[in-house]
Each structure stands twice: as structure tokens, then as C-alpha cells.
Amino acid sequence: YNSFGKLGFAAQNNVNFIRRGRLGNFGVDAQSLLAFVKVMQTSDPAFYYAIQVDDEDRLSSVFWVDTRSRIAYNCFSDVISFDTTYQVNQYKMPFAPFIGVNHHRQSVLFGCALLADETESTFIWLFTTWLEAMSGRQPGLIMTDYDSAISRAVESVFPKSRHRYCKRHILSKMPKEIGHVFSSLPKTFQVEFEKCINNSETPEEFESAWQLLLDKCSLRGNEWLQSLYNDRKLWVSTYVRDTFFAGMYSIQSSKSVSSLFDGYVNAGTTLQDLAEQYERALDGRYEKEVRAEFETFYTKPVLKTPLPMEKQAAEVYTRKLFLVFQDEIYESLVLAVKSSLDDGLSKTFEVARFDEEHKVYRVGINIADQIASCSCKMFEFEGILCRHVIAVFKATNIFLLPQHYILKRWTKNAKEEAKFDALPSVEIHDNSRKGKKQYNLLYQEAIKCAEEGMASDHSFNVALNALREARIKIVSAKNNAINVQKLETASSTHYTDDKTT
């Protein structure tokens, strides 16, 4: 074609074409992967997997999710991240996990897949399959890479979910997308770019900083940057502050989320090794969650103030979230509060640090209903009340956190009464709706016993003995029920004539 610009298809199409061409070489690796998911389903009755085949009936994509992940999703489905940045094994197949955040702000897996390519049809298949595994429960927010194929698939499969782009992915793709222009830019460009999208507190500030940066670096007319600007309301900080991200938006948190499989999965991992590494990664994550649970329930945090609000937070929040909230309480002590507007029903206050009077936050409050809103929008964004509102609460004699500012997903009891409505992949003797519901409730309680039993050696022994005793009683009750049924059947059997039973 004489130049790259005249080629008839995009670079991603080329990559997808090559990946599909490699599918015929799976061989032993594919058999190992399929054996892994079948073994998992044998040991875990609610383990769910699905495969996609190509036109020649060869394995192309695989998706799987275990029971613990399906139960966790019922507690923390408000925010998920879909990550396709992992490249696994010699086939260069994307390893795409669905990841969320639990009540300890730890990464939690909601399923994962190996994809043949990154086309819209493959993403639609994966999202549809994943949604089926999650009983059709759509996520509150799904965060993805900045990719048109993914965006169209999200719009098609998750019409009720909000969609935002992962800022970390966008920043990491910049050198590739801007190309030769990027190498000629000043070394300070990326720092200034991040400052523009992170530190602009209002849309007006962002607009001004963005235009100034484009002019300074002569980047007007760059198509990729223009597309980012067109979609700014889906990823730039000042536009998404009223969206709940559960701590998954910031660069630091995104790294933490993406690191769920770091150290376990990399470009050299074979499909045969992937299954073993997957289990190790998940076991490591669950072990961390157990430690966090133990620390939350069996140790007491050190309080820094005599405020009733801090003591209340220590009793309801997990340890990690309490420490976050404790920082907000402590920082509220150095804030000055000044009344600026009072219309009778509500008041507006200006809040600033004693040493930063030029940086003012505005807090509106309805004292009667104890409802407040801050210009920083931390509660909307993180689900934790900010220092500015806390300072205003103290100034208006509100010393306890109102219940509507305590999100259950950050509390010690976030996983209590978790509903597991997904149909297990096992045969249930009673195929009625009641039978399925009963099985799910029993399975859920058994999983809870296992998780709680890992908190300490003592709790392990208590849980093990209780489960063994329960099993003996259940088997006895089952046998008694069978005997009663036999007696009832025998007594009700009679013959009316030679032809009728």
C-alpha cells in the first residue's frame, strides 16, 4: 500500500487476526485448561464455566468463576473493573479478570476469561456469559479500558450500568497512541497532563488547563487527544466526582486492583500453568481477607480523639475503612468553619484549613434532617464522609454519624445475609423454585462457616466440630424422613379392582 496509513484495517484488527490464527495450536494446553475447569466444578458444585468455539469447533475463549466469587459479587456488585491488559502465554491471549473491592478495600475476583481476540462480538459473548453466571444482576458501575469495542459491548449488555474509563489505562497508552509526537514532548508533559486531569476542581479549571496544555505542546489536531476530550465526562476527575467508585478510580488504587494476579500471571505463563497460578492467587487473596476480618473483629483500634463519632465509627466500620475515616476526623480539627448563608431550612458554610484560607470548600446542610453536601464530593465518590462535613457537624452540634452516611458495604457486617441466587451447576432433586432457593441458602451458610472458621485456630476447631455435628443430625433427619415416607406410601397403597392400582 506504499505506507502504513493506507492499510485497509487497523492495527488491532491485525492483532486479532493473528490471535485467531494461533487457535489451532492450543493442543495439550487447551486440554489442560478444560480439565482444570471440570475438576473445579467437581469440587465446587456452583463453579461456573463456559467456552466459545470458532467456526471449526476449536476452542477460542474460556470463562470461569468459582462460588466464593459469585457470593462476593452479591455483596459488592456496586463497582467492578474489567481489565484486558494482561497478556498470557505464547499465544498472546488477553487474560481478562472482572475485579471488585470488598469491605476491607481489597481486590476481589468476580470471574475471569481467556479471550481469543478483542473484538466487539467476543466481548459481547463474555459479558453475556458473565451476567448469566451472576444471575442477571448488572453492576452499578463498570470501569474499563478506553476501547471502542469494549464500549459498544458494555452499552449492549449492561444498559442499566454506568460506564467509566480507567484513568490508569489511558495514561499507560499515551506513548503508543501519540506516537512519535510523545518522544518530542518535554519530560514534564505527562506530569502536567496528570495535574490537569487530577487537580482541576471545577470543569472550568479543567477546560482552561487542557487548552493551555494543548497550546503549550502544539498538540491541537491530535485525533486521540481530541477523542479523550470528547469523552472527558467519563474519566476526568472533576466530571466523575459524583460517581461512586469505592476507591477504584485513583491511579494508586487501580494499581492495587490490577495487581491481584501480579506475581502469578505474566507473558510467559502457559495455559497449563495458568490454572495452578489462578488458584494460588485466589488463595492468597482470601488469606489476606481472613486476616483483615480477624483484625476487624478481634482487635481494637487506637482512638485519637474523644469525639463520639470516632468511637461510633470504630464499632461499625472495618479496620481499613475506620483508619480512612479516622484521618478525616483528625484533619477536621484544623479546619475553620464560617457561616455564609442561612435561609432558615438550610445553611451554607465555608470551610478551610487555618493555613490554607485561599482554598475554601462549601458545605450545605439541613440541620433538622442531618443531610449535608460538600463541594469536594468525597462521600459521593468514596462513600466516606469528608473532613469538611465533619467539621460542620461539630459546629452544629451533630456528634454522631447519621445512619444514612454509613454505607453497609464498608461495615463489619457487609457480607451478612449475602444472597446467593445463582443456580448451582449441580442436579437438585427438587427442581422447583423452592428447592433451588433452599439449596442456595444451605450452600451460602456452609461457605460462611468456612470463612468465619479461618479467623483463628480456636474458631477453626469450633467450626469443624459444629459442621460435623450438624452433618450427623442432618443425615439422621434425612433417614427418618425417608422411613416416614415409605410408611406413608405403604399405608396409602390399595387395590380397588384388578385393573386399577
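Every read-out reported here was derived from the displayed coordinates using simple, explicitly stated rules and does not represent laboratory data. Quick caveat, the model's predicted, so the values are computed rather than measured. Cβ placement follows ideal geometry from the backbone for every residue including glycine, while neighbour counts extend to all protein chains displayed.
The table for this structure:
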{"quantity": "Net length gained if the chain between residue 474 and residue 446 were fully extended (0.36 nm per residue, minus Cα distance)", "calculated": "8.8 nm"}
{"quantity": "Two-site label geometry, residue 413 and residue 148: point separation in nm, points 7 Å out along Cα→Cβ", "calculated": "5.0"}
{"quantity": "Hull volume in cubic angstrom per residue (convex hull over the Cα atoms of the stretch 308-410)", "calculated": "92"}
{"quantity": "Convex hull projection area averaged over all views, the stretch 117-231, Cα basis, nm²", "calculated": "8.4"}
{"quantity": "Efficiency of FRET between residue 218 and residue 346 - r from beta-carbon atoms, R0 51 angstrom, step 0.05", "calculated": "0.60"}
{"quantity": "Per-peptide average of other Cβ atoms within 10 Å, ordering 383-392, 306-315 highest first", "calculated": "383-392, 306-315"}
{"quantity": "By average C-beta atoms within 10 angstrom, highest first, the peptides 117-127, 153-163, 173-183", "calculated": "117-127, 153-163, 173-183"}
{"quantity": "Sequence ranges 59-67, 194-202, 318-326, 334-342, ranked by mean other-Cβ count within 10 angstrom, highest first", "calculated": "59-67, 318-326, 194-202, 334-342"}
{"quantity": "Inter-label distance for residue 461 and residue 305, nm, one decimal - labels placed 7 Å from Cα along Cα-to-Cβ", "calculated": "4.3"}
{"quantity": "3J(HN,Hα) from dihedral phi, the stretch 212-223, Karplus parametrisation 6.51/-1.76/1.60, rounded to Hz, x for glycine, proline", "calculated": "5, 5, 4, 5, 4, 9, 6, 10, 5, x, 6, 5"}
{"quantity": "Added length on full extension, which subtracts the Cα-Cα distance from 0.36 nm per residue, residue 353 to residue 195", "calculated": "54.7 nm"}
{"quantity": "Where N is the number of residues in the stretch 85-185, Cα Rg divided by 2.2 N^0.38 Å", "calculated": "1.19"}
{"quantity": "Cut-off 14 Å between beta-carbons: net charge of the residues surrounding residue 304, Lys and Arg +1, Asp and Glu -1", "calculated": "-1"}
{"quantity": "Full-extension gain in nm, residue 276 to residue 56, via 0.36 nm per residue minus C-alpha separation", "calculated": "76.3 nm"}
{"quantity": "Modelled FRET efficiency - R0 41 Å, residue 297 with residue 161, Cβ distances, 0.05 increments", "calculated": "0.80"}
{"quantity": "Estimated Rh, the stretch 121-168: Kirkwood, alpha-carbon pairs, angstrom", "calculated": "10.9"}
{"quantity": "Rough spin-label spacing in nm, given labels placed 7 Å along Cα→Cβ, for residue 366 and residue 176", "calculated": "4.8"}
